[in-house]
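Coordinate-derived values only; no laboratory data. Because the structure is predicted, anything quoted here is derived from the model rather than measured. Because the Cβ atoms are built from the backbone with ideal geometry, glycine has one as well, and the counts that use them run over all protein chains shown.
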Amino acid sequence: MKPVATILLAFAASFLSSCNSTPLYQNTSASPESRATDLLKRMTLEEKILQASQYYVGENDNPNNKGAALPDLPAETGSLIFMSKDPAFANALQRKAVEESRLGIPVLLGYDVIHGYRTIFPIPLAQACSWNPDMAEKCAGIAASEAVHAGLKWTFSPMVDIARDPRWGRVMEGYGEDPYTASVFAAALVRGYQGEDLSAGTSLASCLKHYVGYGASEAGRDYVPTDMSDQTLWDTYLPSFKSGVEAGASTVMSAFNTLNGVPASANHYTLTEILKEKWDFDGFVVSDWGAVDQLVYQGMAADKEDAAALAINAGVDMDMSDWVYRDYLASAINDGTVSMKTLDEAVLRILTLKFKLGLFENPYVEELPESEWALTEENQDASLKMAEESIVLLKNNGVLPLAKDAKVALTGPFADSSRDMNGAWSAMGNTAESIPIAHAMNLVFPNLVTSVASSDVVVCCIGQGAGRTGENRSVSSLEIAPEQVDLVKQARNAGKKVVVVLTNGRPLVLSSIEPYADAIVETWHLGTRAGDAIAAVLCGYVNPSGKLAITFPYSMGQIPIYYNRHRRARLAPEGNYIDGPIEPLYAFGHGLSYSTFEYANLTLSSSRVKKGETVTATVDVTNTSSIDGAETVFWFIRDVASLVTRPDKELRHFEKIMIPAGETHSFSFEIEPLRDLGTVDARGDRYVDAGEYTIMVGSSSVSLYVE
Ligand code: GLC
């Protein structure tokens with residue numbers, strides 16, 4: 001038996017030696033950056049390259065990127081697109097990374113959690129029409145919590161592309177045509193997904209996409225080149241990304257499109273000079289699916305090794321799904337076309353995020369049954385509230401709300417559909433769980449009838465199904481399908497009141513049905529509780545409060561059409577079409593309520609303001625009806641004369657407030673000149689011109705209050 005002293009000494013010696021030999025990257029009190037730097041030093045070239053590579057397992061609902069079932073994946077693969085909702089499967093993949101890789105580096109599991117995970121919320125375009133970013137933030141937090149329970153720690157969301165051509169299928173995925181609106185929602189979604197602490201058990205790393213200019217695609221076609229001035233790039237397409245970066249976004253996804261001749265996934269100017277240097281972005285950039293490989297097809301890379309070099313040298317830190325980095329980066333480094341410093345910087349960004357996410361300390365997820373974390377009553381209630389606030393009442397000649405004893409007939413292809421309620425990019429949402437319109441209407445209107453002839457009012461459920469929008473879903477026409485127009489006309493010709501309920505993921509041309517409809521309700525794709533929200537609005541239990549975040553054209557020929565256009569050289573009617581209206585059918589900000597609101601007493605605290613000072617505009621809004629209602633008040637500015645001309649009006653503040661019947665609420669906009677009157681130049685530097693500005697306030701971009 002050894003004397004105690006010897007044993008203690010032995011213990012002490014081993015303890016001291018272990019203190020000295022614990023690698024810094026395993027020291028949880030060290031910073032994520034220093035732990036990543038230490039770990040990076042210990043990695044081989046092959047380990048670094050695999051850390052900068054993402055592959056996929058499983059299959060999702062995007063036909064353009066069907067995943068292989070279970071490819072033989074190297075344990076050192078940095079990230080996987082996890083197309084499953086089984087936490088045990090996630091843990092199996094994670095166990096392989098942690099236990100089979102030499103340094104035990106956890107894998108980062110990501111997925112497209114765009115508008116919900118198992119509980120599906122309204123599509124992002126619909127959420128923008130709620131003008132309730134706080135509610136959007138709450139929904140993102142719920143989506144994150146559900147996704148983390150399935151084993152994810154990263155979402156490829158929010159998509160913050162500005163889209164002004166509704167022919168583009170991905171218009172459903174963003175927050176509309178306006179840079180300010182998209183900026184507000186970008187920050188809200190980042191906060192919602194990431195919470196206060198990325199390592200928390202309910203936080204997902206966010207991903208701003210698709211960087212940059214993807215929504216400016218010519219004629220609304222997908223994947224095509226985009227071309228714009230630097231001025232437009234800075235004042236229209238970059239602001240929402242800047243807002244997301246300022247909100248702390250963890251990652252950015254580089255886009256498919258060529259931007260001004262240089263593919264976005266090989267664009268050093270946007271990826272490094274702007275994102276990483278000017279904005280000091282400290283997260284990492286992941287390419288879009290196969291976007292590195294596509295550099296060859298786009299005519300920029302001579303071959304795959306060239307593509308790997310161009311992408312990583314431009315600033316793409318991780319290569320999604322095409323193994324180009326895995327297969328060609330080593331030779332690019334050996335050829336000297338890529339420096340080890342460049343690869344190290346990319347891997348350092350990736351490892352730093354993994355430390356921030358707490359993956360080294362907590363790589364595994366608790367394998368709880370779905371019933372404990374998915375589609376809970378609280379989650380569904382949030383989806384219902386978001387859906388109710390996202391509905392936009394476009395037209396109402398008094399037919400709505402319907403009396404509970406009304407004899408209502410339902411027609412149209414979307415009356416009984418649950419699949420189409422979820423829309424595109426509905427993650428692990430089970431369409432069978434979504435409430436169809438007819439199901440909810442049956443509960444609210446007991447006198448539902450089965451024939452138009454025996455009805456008082458016909459609700460025509462028309463529009464476009466979930467499959468008509470999303471990636472690679474561009475259309476050449478926005479017209480309502482002829483058979484759907486016939487449904488509306490038949491109801492009208494039968495002498496019935498006609499309520500059109502639209503299920504769609506993009507603005508449509510409604511001129512063919514508008515004259516025959518007593519009411520038109522835009523319900524988008526509202527998710528799990530869609531039917532309940534729609535029935536609640538039609539019966540008046542919910543007073544609609546949504547307003548358009550994207551313009552509805554009067555005709556296809558008007559496209560592109562959006563509210564924040566620059567002034568033309570001549571006043572109307574010069575410059576108008578000679579064969580039709582120049583104004584849209586429904587403008588940006590349009591949306592009716594069952595309440596009525598009156599604006600009055602627009603005041604400015606001063607008619608002059610200096611840089612660094614503020615001036616406050618206020619307006620009183622009275623609910624002149626007998627129904628409580630929420631009103632969104634929009635504040636626009638106009639720079640009357642500027643060296644670089646600007647849009648005729650620019651949204652710079654909005655606020656949505658519930659105003660009880662008969663009461664008045666005072667809305668205010670505290671104007672800080674550089675932030676609220678200023679703009680950016682073609683180099684991205686913000687400035688504010690001295691001179692005259694007009695402050696406008698109203699319930700939409702066209703219904704502005706004038707004293
Ligand atoms: C897609 C999309 C992108 C998505 C990615 C992974 O092609 O463009 O938005 O995040 O692939 O599914």
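A few notes on this one:
- Once the Kirkwood radius over Cα pairs is known for the stretch 636-685, the Stokes-Einstein relation at 10 °C and 1.306 mPa s delivers a diffusion coefficient of 118 µm²/s.
- Those residues of the stretch 408-443 whose amide nitrogen sits under 16 Å from the label point placed on GLU483, 7 Å along Cα→Cβ: 411-417
- Gain upon complete extension [SER451, TYR705; 0.36 nm per residue less C-alpha separation]: 87.0 nm
- Of the peptides 575-583, 282-290, 182-190, the order by per-residue mean of other Cβ atoms within 10 Å, starting with the highest, comes out as 182-190, 282-290, 575-583.
- The chain: angle of helix 482-493 to the longest principal axis, Cα-based, in degrees nearest 10: 30
- Note on LYS138: lysines with a C-alpha under 19 Å away, same-chain residues under 8 apart excluded, are LYS153, LYS385, LYS656.
- For the stretch 41-174, the convex hull spanned by the alpha carbon atoms encloses 135 Å³ per residue.
- Only Cα pairs under 8 Å and 6+ residues apart enter the sum, and on that basis the relative contact order of the chain stands at 13 percent.
- Peptides ranked, highest mean first, by Cβ atoms within 10 Å: ranges 697-703, 679-685, 304-310: 304-310, 697-703, 679-685
- At R0 = 22 Å, FRET efficiency that the Cβ-Cβ distance of HIS439 and GLU370 yields, to 0.05: 0.45
- Averaging 1/r over each pair of different alpha-carbon atoms in the stretch 286-410 and inverting the result gives 19.8 Å, the Kirkwood hydrodynamic radius.
- The reciprocal of the average 1/r between distinct C-alpha atoms defines the Kirkwood hydrodynamic radius, which for the chain equals 26.9 Å.
- In the stretch 198-244, trypsin sites (Lys or Arg not before Pro) in a DSSP loop with at most 10 other beta-carbon atoms within 10 Å: none
- Measuring spread by the Cα atoms of the stretch 239-306 yields a radius of gyration and Dmax of 12.5, 38 Å.
- Extension gain, ASP344 back to ARG221 (0.36 nm per residue minus Cα-Cα distance, nm): 40.6 nm
- Within the chain, percent of DSSP bridges classed antiparallel, to nearest 5: 50
- Summed residue charge, Cβ within 14 Å of ARG42's Cβ, Lys/Arg positive, Asp/Glu negative: -1
- From its DSSP helices (H runs of at least four residues, each -39,500 (n - 2.57)), the chain gives a residue-normalised ellipticity at 222 nm of -8000 deg cm²/dmol.
- The residue list SER476, LEU443, ALA453 was ranked by how far each Cα lies along the charge dipole of the stretch 394-510 toward its positive end, using unit charges on Cβ atoms, and ALA453 comes out on top.
- Separation of the ASP38 and ASN260 label points, Cα + 7 Å toward Cβ, nm: 4.4
- Value of Rg/Rh across the stretch 161-279 [Cα atoms, Kirkwood radius]: 0.97
- In nm, spacing of pseudo-spin labels at ALA302 and ARG683 (7 Å Cα→C-beta vector): 3.5
- The stretch 500-616, relative contact order in percent, only Cα pairs under 8 angstrom and at least six apart counted: 26
- Tail beyond 23 Å, pair distance distribution of the stretch 449-581 (Cα, percent): 44
- Length gained on full extension, GLU692 to VAL640, computed as 0.36 nm times the residue gap minus the Cα-Cα distance: 18.1 nm.
- Listed peptides 124-130, 506-512, 210-216 appear in the order 124-130, 210-216, 506-512 once ranked by packing, highest mean of other Cβ atoms within 10 Å at the front.
- With the simple model of a label 7 Å out from the Cα in the direction of the Cβ, ALA403 to GLU246 spans 5.3 nm.
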